[in-house]
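Below: one structure, written as structure tokens.
The values are calculated or read from the model by the stated rules, or taken from the named source; none is laboratory data. As the structure is a prediction and not an experimental result, all values here were calculated from the model. Note that we place each Cβ from the backbone using ideal geometry, even for glycine, and neighbour counts take in every protein chain shown. SASA here: full protein model, heavy atoms, side chains in, ligands and nucleic acids out. Shrake-Rupley method; radii C 1.70, N 1.55, O 1.52, S 1.80 Å.
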Amino acid sequence: IDPQIIVEVYDFRPYFVLGEVAKPGRYPAEEGMTLLGAVATAGGFTYRADKDTLFIRRAGSNREYSVNAARNINILPGDIVRVGERYF
């Protein structure tokens, strides 16, 4: 008659970091993870990386958005972050 439910999330879907980072791959999502935090988790930028513009594709979307790296954007479970190569 009066059910009570408690839900605990043990693990979120991972996010992915690709491109010009030291360790591209799959990483566990954490609450409050930001775009630059995701790059730092992946070992930081390589010397060829474009440190000004990053690309993000939200989970379930086919569109990739370019964003200024200085913006404080949160990473969500399932997101794909891509660090492009800079041009001389």
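Couple of notes before you dig in:
- Selected residue [touching a residue at least 60 places away in the same chain (Cβ under 8 Å) and acidic (Asp, Glu)] from Glu20, Glu8, Glu30: Glu20
- Residue within segment 44-66 that is among the charged types (D, E, K, R), loosely packed, with under 10 Cβ neighbours inside 10 Å and without any contact (Cβ under 8 Å) to a residue 40 or more places away in the chain present: yes
- Conditions (1) touching a residue at least 60 places away in the same chain (Cβ under 8 Å); (2) surrounded by fewer than 13 Cβ atoms within 10 Å (Cβ to Cβ): number failed by Gly78: (2)
- Residues (open to solvent by 100 Å² or more (accessible area, probe 1.4 Å) and either over 14 Å from Ile75 (Cα atoms) or in contact with a His (Cβ under 6 Å, 6 or more places away or on another chain) (or both)) located in segment 1-43: Ile1, Asp2, Pro3, Gln4, Ile5, Ile6, Val7, Glu8, Tyr10, Asp11, Lys23
- Test: residue in segment 44-51 that is over 13 Å from the mean Cα position of the chain (by Cα), of a type in the set (Lys, Arg) and not in a strand (DSSP E or B): yes
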